[in-house]
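Comments concern the structure below.
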Amino acid sequence: MKRVATVFAGALALVTANAAAQDSTAPTSAPTASATLPAPKTPPKLIIAIAVDQFSADLFAEYRSHFAGGFKRLLKGAVFPSGYQSHAATETCPGHATILTGVRAGRAGIIANNWVDLKTGRADKSVYCAEDESVPGSTSAAYTVSDKHLLVPTLGERMKAANPATRVVSVAGKDRAAVMMGGHQVDELWWWDGKKFASYANRPTPAVVQQTNDAINARIAEAQPPLDLSPFCETRNRAVGIGGGKSVGTGRFDRKAGDTRAFRASPESDEALFAMAAGLIRDMKLGGGAATDLIAIGASATDYVGHSYGTEGSEMCLQLTRLDETMGTFFAVLDSMAIDYEVVLTADHGGHDLPERNAENAVPGAARIDPALNPKAIGDAVAAKLKLTGQLLYGDPVGDVWIDPKLPKATFDAVQAEALKLYRAHPQVAAAFSRAEIITAAPATGPAETWSLVQRAKASFHPARSGDIVVALKPRITPIANPLGGYVATHGSLWDYDRRVPILFWRKGMTSFEQPLAVETVDIAPTLAATIGLKLGTPEVDGRCLDLDAGVGDSCR
């Protein structure tokens, strides 16, 4: 790679230099292989929870044999290649909400990234999952970040309740990722706001956050050359046309000076995030106290790359290669601090490639959504049929759809019945469920891949927030009608390519093993809780503890 002096390398140099000045006893190199291992059953001093946004189980399987850095280390721990974000709304906010709460998205109150509240007094009826819509003058696009919509505690909160000496930190490339993993009680919470790493109002900025922001600003101010392609990434270097004379698949992350948007959708944004996380661990001495500390890291660049370029081009190959290197460096820095840390890595959801490349690869059913499935268009058709006026339906083309609550009940019921009829008749729709059908559906049991479609929808459902209709598109139908308007690919379906994600646990000295059967991301919190002696099970959470002792013991006792 030509870019040697990256943001990450520069920030890590500052972190290491600052730490050495503050602590002359700090080790200057990673512990050797003969270093003392943690005593069996001894709680780790630091839990590191990493969520790689849009890192599907399919991508994990595709790249795992090529990983040589941080992922390779995690592959030497407990590997669960078939973890499930079991709900239907496979988006960033719901997915992150499951990881450290142990609770499925609907129960957590996080039904989607955005939902519609037609009864709110605000002119903007769309509500963002990580905002406080009661702030005067706010909109779902210009909002005040808040944790108010998360209805359940996170593992960090439970750890603090058990031992107030616990420190909890959450950092991410998106505000909703940081908030949903951090929860309501955090010592530090920082997210990339498009220009800098920011936090709640009136919180002092730690030195390492300011240093990271300064390094990023200097980097963005300079034009950047393209990254070199490895022989492996070269095999994915093929242009795919998306119309209008534009294509994706051959990008190498060169960018013009001042392009903050391109920085966000590049490997460097994750590099900066991990550098800042390493600095916060060092400066706060996380893992150095009497209590176990926790840091959540939401690495968002993979998602932005997937949306902007798809999952199978040179762009994703470069992104995952660099992320692997970045995490390898991050772990080496932690090793140099001699911290006993435990890592879990997973994803908030999966994703699938753009339909143009899927079609070239003869993937059955790959297509873009018919604009006629927009709720307003469906609502207009219903209005014409029932001889009504005004907008009847609200929402997005896939997922929750809301009906005007001011309608008389008989009219409301007629609108719902006609809308369901139209949705179900459309050739791109797999299923459409009414609110009543979801509420009365049997709760899901058994492995997540066996759940019915309505049970997957039920796992995302919250009675006070969810829609009156839930629409599921057929497999490989991308809910972006025009790829020239911004993103070319996405996620959000109830199919397994969006639901299935890897779950990897690692701690020095643990026995390496792989368990191929389905587990869920809600199993992560009770599993981590067990490693620190914190009892966490039903009815507090939906997940179960996973045995990390590979059959030689019971880590869940």
Worksheet item: What's the number of the condition Thr166 fails, among (1) modelled with pLDDT under 95; (2) closer than 28 Å to Ala347 by Cα; (3) not small (Gly, Ala, Ser)?
Response: (1)
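When you check Arg176 against the structure, is it charged (D, E, K, R) and part of a helix (DSSP H, G or I), yes or no? Outline the logic, then answer.
Values: charged (D, E, K, R): yes; part of a helix (DSSP H, G or I): yes.
Here the answer is yes, as Arg176 does meet what is asked.
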Worksheet item: Are any of the residues in segment 495-511 crowded, with 18+ Cβ neighbours inside 10 Å, out of contact with any helix residue (DSSP H, G or I) (no Cβ under 9 Å at 6 or more places or on another chain), of a type in the set (A, V, I, L, M) and in contact (Cβ under 8 Å) with a residue 60 or more places away in the chain?
Response: yes
Fill in: Conditions (1) hydrophobic (A, V, I, L, M, F, W, C); (2) modelled with pLDDT of 95 or more; (3) buried (at least 21 other Cβ atoms within 10 Å of the Cβ): number failed by Val398
(2)
Worksheet, complete the sentence: Expected single match for surrounded by 15 or more Cβ atoms within 10 Å (Cβ to Cβ), part of a helix (DSSP H, G or I) and out of contact with any strand residue (DSSP E or B) (no Cβ under 9 Å at 6 or more places or on another chain) among Ala410, Ala414, Ala436 is Ala414
Worksheet entry | Enumeration of residues in segment 324-342 that are surrounded by 24 or more Cβ atoms within 10 Å (Cβ to Cβ) and hydrophobic (A, V, I, L, M, F, W, C) | Met327, Phe330
Worksheet item: Do you know which of the residues in segment 516-557 that are surrounded by fewer than 19 Cβ atoms within 10 Å (Cβ to Cβ) and β-branched (Val, Ile, Thr) is nearest to Leu155 (Cα to Cα)?
Response: Thr538
Worksheet item: Given the residues Lys160, Lys119, Lys125, which is the only one that is in the same structural domain as Asp193 (by TED's automatic domain parsing) and either farther than 25 Å from Asp187 by Cα or in contact with a Ser or Thr (Cβ under 6 Å, 6 or more places away or on another chain) (or both)?
Response: Lys160
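Quick one: would you say Val179 is buried (at least 24 other Cβ atoms within 10 Å of the Cβ) and among the aliphatic types (A, V, I, L, M)? Give the steps one after another, and end with the answer.
Details: buried (at least 24 other Cβ atoms within 10 Å of the Cβ): yes; among the aliphatic types (A, V, I, L, M): yes.
Yes; evaluated as a whole, the condition is true for this residue.
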Worksheet entry | Within segment 448-547, helices (runs of 4 or more DSSP H) holding 1 or more residues that are within 30 Å of His426 (Cα to Cα) | 453-459, 496-499
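Across segment 417-433, what is the number of residues that are in a loop (DSSP other than H, G, I, E, B) and either in contact with a His (Cβ under 8 Å, 6 or more places away or on another chain) or within 17 Å of Gly467 (Cα to Cα) (or both)?
Restricting attention to segment 417-433, the residues satisfying the condition of being in a loop (DSSP other than H, G, I, E, B) are 426-428.
Right, trim to either in contact with a His (Cβ under 8 Å, 6 or more places away or on another chain) or within 17 Å of Gly467 (Cα to Cα) (or both) and you get none.
Going through segment 417-433 one residue at a time, the tally reaches 0.
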Discussion item. Among the residues that make up segment 255-274, is at least one of them over 20 Å from Ser336 (Cα atoms), touching a Cys at 6+ places or on another chain (Cβ under 7 Å) and outside any strand (DSSP E or B)?
Written reply: no
Item to complete: For segment 223-241, state whether one or more residues are under 15 Å from His307 (Cα atoms), without any contact (Cβ under 8 Å) to a residue 60 or more places away in the chain, outside any loop (DSSP other than H, G, I, E, B) and assigned by TED's automatic domain parsing to the domain that holds Leu320.
Response: no
Fill in: Candidates Asp396, Asp413, Asp404 - the one that is closer than 24 Å to Ile480 by Cβ and not aliphatic (A, V, I, L, M)
Asp396
Practice prompt. Examine segment 168-184 for a residue that is assigned by TED's automatic domain parsing to the domain that holds Thr260 and more than 28 Å from Tyr304 (Cα to Cα), and state whether such a residue exists.
Written response: no
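Scan segment 341-352 and tell me whether some residue there is out of contact with any Cys (no Cβ under 7 Å at 6 or more places or on another chain), among the small types (Gly, Ala, Ser) and assigned by TED's automatic domain parsing to the domain that holds Ser460. First the steps, then the outcome.
Of all residues in segment 341-352, those out of contact with any Cys (no Cβ under 7 Å at 6 or more places or on another chain) come to 341-352.
Add one more test, that the residue is among the small types (Gly, Ala, Ser), and what stays is 347, 350-351.
Among the residues that remain, those that are also assigned by TED's automatic domain parsing to the domain that holds Ser460 are: none.
Looking for residues that are out of contact with any Cys (no Cβ under 7 Å at 6 or more places or on another chain), among the small types (Gly, Ala, Ser) and assigned by TED's automatic domain parsing to the domain that holds Ser460, one finds none in segment 341-352, hence no.
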Worksheet item: Any idea which of Asp214, Asp254 is free of Cβ contacts under 8 Å to residues at least 24 places away in the same chain, of a type in the set (Asp, Glu) and farther than 21 Å from His66 by Cβ?
Response: Asp214
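Against the definition (in a helix (DSSP H, G or I) and not β-branched (Val, Ile, Thr)), how does Ala218 come out, yes or no?
Values: in a helix (DSSP H, G or I): yes; not β-branched (Val, Ile, Thr): yes.
Yes: the conditions hold for Ala218.
Quick check: is even one residue across segment 117-129 closer than 22 Å to Leu534 by Cβ, buried (at least 24 other Cβ atoms within 10 Å of the Cβ) and either of a type in the set (Phe, Trp, Tyr) or under 18 Å from the mean Cα position of the chain (by Cα) (or both)?
First, pick out the residues of segment 117-129 that are closer than 22 Å to Leu534 by Cβ: none.
Scanning segment 117-129, I find no residue that is closer than 22 Å to Leu534 by Cβ, buried (at least 24 other Cβ atoms within 10 Å of the Cβ) and either of a type in the set (Phe, Trp, Tyr) or under 18 Å from the mean Cα position of the chain (by Cα) (or both), so the answer is no.
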Discussion item. Would you confirm whether or not segment 273-291 contains a residue that is over 30 Å from Leu100 (Cβ atoms), more than 26 Å from the chain's Cα centre (by Cα), surrounded by 15 or more Cβ atoms within 10 Å (Cβ to Cβ) and free of Cβ contacts under 8 Å to residues at least 60 places away in the same chain?
Written reply: no
Worksheet item: Any idea which of (1) part of a helix (DSSP H, G or I); (2) closer than 16 Å to Leu318 by Cβ is the one Arg252 doesn't satisfy?
Response: (1)
Fill in: Qualifying positions in segment 343-374 - within 24 Å of Phe67 (Cβ to Cβ) and either crowded, with 17+ Cβ neighbours inside 10 Å or among the β-branched types (Val, Ile, Thr) (or both)
Val343, Val344, Leu345, Thr346, Ala347, Asp348, His349, Gly350, Gly351, His352, Asp353, Arg357
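The values are calculated or read from the model by the stated rules, or taken from the named source; none is laboratory data. Here the structure is a predicted model, which means the values were calculated and not measured. Cβ sites come from the backbone with ideal geometry, for glycine too, and all protein chains shown count toward neighbours.
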